[in-house]
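*Asks:* Just dropping this structure here.
The values are calculated or read from the model by the stated rules, or taken from the named source; none is laboratory data. From a predicted model like this one, the values you see are computed outputs, not experimental measurements. Every residue, glycine among them, receives a Cβ derived from its backbone with ideal geometry; neighbour counts consider all protein chains shown. Please note that ligands, DNA and RNA were not included when accessible areas were found on the heavy atoms of the full protein model with its side chains. Shrake-Rupley method; radii C 1.70, N 1.55, O 1.52, S 1.80 Å.
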Amino acid sequence: MRQPGKPINILFIMADQLRYDSLGYTGHPMVKTPNIDKLAAEGTQFQKMYVQSAVCGPSRASIYTGRYVHSHRVRFNEVPFGAGERTIADYFNDAGYRSALIGRTHFTPITETYGFEYYAYYDGLPAKDGFSAYPEYLRRCGYSEEDIRFRYWPKELTVLPGQEAYPEDFAEADYPCRIREEHSDTAYMTNEAIRFIRETADRPWMLHLSYWKPHLPFSVSEPYFGMYDPDEVPMPQRKNGELDGKPPLQRLFREERRGAFVDDERRLRRVRSAYYGMITQLDDHLGRLFDEMERLGVLDNTLIVFTSDHGEYLGDHGMIEKELFYEQAIHVPCILKLPGVVPANRQVGELVESIDLLPTLLEAAGLPIPPAVQGRSLLPLIRGTAAEWRREVFAEWDFQYYHSRRLLGLAPEQCRAIMIRDERWKYVHYSDQPCELYDLEEDPGEFENVADRPEQRDRVEAMLRRILEWRMRTEDPMPEIDLTFATYLRDPWKAPAGR
């Protein structure tokens, strides 16, 4: 039972590269996620949550700051925050919470803890093992240095020079992972979360549990490796000639991101099977975490948030990974649960953005929402008291960091793209590329770009104007400067007092 007046705890769970449609409660015909489904039934589900970028670093920076990409300026992975940027950890630390990070953040530099008092970093890539305790944990479990370094290479394969992290042809999906399931990074991070909760009984806490999976490599241990028959997995829907009406960037990008492999049906089926296995593995460990929280008596006094930083194409549109602005990449699951505050078994159909999560957590904890935060608390929407809500969502992408832009002869400043999506239409504006417009009602698969059709000219101009207005409204509000006594704010026609 939740205790009225007692500060709530925050459990902020984030999967990496998890598609909206790959869970039981969102309607997937095969993937088993009973614990996430139960969480959805006991909480509120947001059916139209969109991230602010389909790249890990910018998306996470938006979630952690509640700010758009052009405000926090983390344009890509490994791009650091600007001076003075504050994150979710800073806000909860100020309120006396014990803030913790377990897992990955894509913060740069990774030598900084960014306000988290308890910091158990794991980024997934063996190249970053020096910043994580996971390799030492594997040593204690009896694994060899070779097993630890090449943990995402199946023992059946020879490690190729230059590909030490994992095979670049996705061959890892053909074999079970060499690390046993009980020692997997998903199991390890869950163990760390349980340990943190057990030892933090004297103060409220905010735990960001940030899982590496189901991000590639598509490597999973038994029993999850064999859980989903590759011959039975649903295959992506593709349309011949789809790229003919799209910006030239997309064809180049597909080649750069190894999208040609999706023409290999056997390998693609293996990849999808492994991806689904990783999701069920994550679900099982979340069930273990929730059971322990109930045993410790903290479950009903904890606001649980479950979401993802972006999706995964899995062969849709002939692509792998994320980026661009298709639904598979920017539409993510989102569940909130807090008994007595968040209604159970409720579906919210309004358009919401991932920057709304931070102000929601702050309001739920009774903390002020700083002016720098650009998202809106979801609590009024949950309660049905929101007087009005947004009609559209936005996302940004800076593709100067890809080889494709060099092949197009574009300078870095020519590599900006912004998406606006409303209930029916999605428009993508490129600074120096042909643009995109999709009718999501008539073409939910986003196969037919209609931006160049004469009958859509007025719509394109109207959506471009809405992007411009949004961009002007959301200029960075930091720093917060008090100009109360500035001489140019005084009324020049008002006589000074006493005259």
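*Asks:* What are the DSSP H helices in the chain that stretch 20 Å or more along their long axis, judged by alpha-carbon atoms, and whose average Kyte-Doolittle hydropathy comes to at least -1.0?
*Replies:* 185-199, 265-296, 457-473
*Asks:* What is the spin-label model distance, in nm, from Tyr401 to Asp244 if the labels are put 7 Å beyond Cα along the C-beta direction?
*Replies:* 3.5
*Asks:* Please work out how much length the chain gains when fully extended from Ala83 to Glu256, using 0.36 nm per residue of separation minus the C-alpha to C-alpha distance, in nm with one decimal. It would help to have the intermediate numbers written out before the result.
*Replies:* On the way: separation 173, 0.36 × 173 = 62.28 nm, distance 3.33 nm.
Once the chain is fully extended between Ala83 and Glu256, it gains 58.9 nm.
*Asks:* Go ahead and run the numbers for FRET between Arg453 and Ala95, Cβ-Cβ distance against an R0 of 51 Å, rounding to 0.05.
*Replies:* The computed FRET efficiency comes out at 0.45.
*Asks:* Length gain on complete extension for the stretch Ala411 to Asp169, per 0.36 nm per residue less the alpha carbon to alpha carbon distance?
*Replies:* So the extension gain works out to 84.1 nm.
*Asks:* Only one of the values (i) 1.00; (ii) 0.98; (iii) 0.95 was calculated from this structure for Rg/Rh (Cα atoms, Kirkwood Rh); name its label.
*Replies:* (ii)
*Asks:* What 222 nm value per residue comes from the helices of the chain, counting each DSSP H run with n ≥ 4 as -39,500 (n - 2.57) and dividing by all residues, nearest 500 deg cm²/dmol?
*Replies:* Working: 14 runs with 137 residues, N = 499.
After summing the helix terms and dividing by the residues of the chain, the value is -8000 deg cm²/dmol.
*Asks:* Multiply the residue separation of Arg390 and Ala41 by 0.36 nm, subtract the distance between their alpha-carbon atoms, and state the gained length in nm to one decimal. Please list the in-between numbers first.
*Replies:* Numbers: separation 349, 0.36 × 349 = 125.64 nm, distance 2.55 nm.
Separation in residues times 0.36 nm, less the Cα-Cα distance, equals 123.1 nm.
*Asks:* What FRET efficiency would be calculated for the residue pair Asp300, Tyr119, taking the C-beta separation as r and a Förster radius of 22 Å, to the nearest 0.05?
*Replies:* Step by step, r from the Cβ atoms, then E = 0.20.
*Asks:* Could you work out how far apart the two model spin labels at Glu469 and Thr158 are, taking each label as a point 7 Å from the Cα in the direction of the beta carbon, and quote it in nm?
*Replies:* That separation, rounded to one decimal, is 6.3 nm.
*Asks:* Once you put a point 7 Å from the Cα of Ser144 and another 7 Å from the Cα of Met30, both along the Cβ direction, what distance in nm separates them?
*Replies:* 3.4
*Asks:* Same structure, new question: Using the heavy atoms of the protein chains and a 1.4 angstrom probe, tell me the accessible area per residue for the chain in square angstrom.
*Replies:* 42
*Asks:* Here's a follow-up. Can you give the charge dipole size of the chain about its Cα centre, rounded to the nearest 20 debye, using +1 on the beta carbon of Lys and Arg and -1 on the beta carbon of Asp and Glu?
*Replies:* Computed about the Cα centre, the dipole is about 1200 debye.
*Asks:* At 1.002 mPa s and 20 °C, plugging the Kirkwood radius over alpha-carbon pairs of the range 61-173 into Stokes-Einstein gives what diffusion coefficient in µm²/s? Show your work: numbers first, answer last.
*Replies:* Working: Rh = 16.3 Å.
In µm²/s, the coefficient is 131.
*Asks:* Looking at this model, which pairs from Lys128/Lys322; Lys213/Lys426; Lys6/Lys213; Lys6/Lys48 are more than 26 angstrom apart at the alpha-carbon?
*Replies:* Those over the limit are Lys213/Lys426; Lys6/Lys213; Lys6/Lys48.
*Asks:* So if we plug the beta-carbon distance of Asp291 and Asn345 into 1/(1 + (r/R0)^6) with R0 = 22 Å, what FRET efficiency do we get, rounded to 0.05?
*Replies:* Efficiency for this residue pair is about 0.60.
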